[in-house]
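Working notes, beginning with the structure itself.
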Amino acid sequence: MMDEAGGDVAGAGIPLPNVDARTLGMVLEYCNKHAPASAASPNAATAAVLAADKDLESFDKELVNVDTSTLFYLVNAASYLKVTGLVDLASQTVADMIKGKPVEEMRRVLGITDSGFTTEEEAAISRQNPWAFK
């Protein structure tokens, strides 16, 4: 294939250093599935549109039903590629994973091994913000 200036562009790609192939595939799958839905008229509240919405909801749940590491890669890739709907979906999934969990459990889920605080600093933060540690 030739570009407009006559240069050979076969095999040329757009480098995405922050996105691996598997995650890019997931992002593209999301975009392909959601593109027809966003093109539909917002006023068309027909049975077909409602069924399509249920299909999308089911697809979305399945897409983010992955291991934690893959989910984090998905959040990063969606953010890097500015796919806001997917950023929202994946971020909400992460938020739901840690909601209501004690600090130690949140750290485990998020892969945080060191808080960066000493034991005394953590105790002081806990005393200053008791609502956050309920």
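Packing-wise, with mean Cβ within 10 Å as the measure, how do 75-88, 13-26 rank, highest first?
Highest-to-lowest ranking by the protection proxy: 75-88, 13-26.
Note on ASP88/TRP131: beta-carbon distance plugged into 1/(1 + (r/R0)^6) with R0 of 30 Å gives a FRET efficiency of 0.70. Each principal axis of the Cα atoms in the stretch 45-132 has its own extent, and those three values, largest first, are 59, 26, 21 angstrom.
Between beta-carbons, use under 15 Å as the cut-off and find the net charge around VAL109, counting Lys and Arg +1, Asp and Glu -1.
0
If R0 equals 30 Å, the separation of the Cβ atoms of ILE98 and ALA35 corresponds to a calculated FRET efficiency of about 0.45.
Computed from the coordinates by the stated procedures, all read-outs in this text should not be read as laboratory data. Keep in mind that this is a model prediction, so the values were computed, not measured. Using ideal geometry, Cβ is built from the backbone for each residue, glycine included, and neighbour counts are taken over all protein chains shown.
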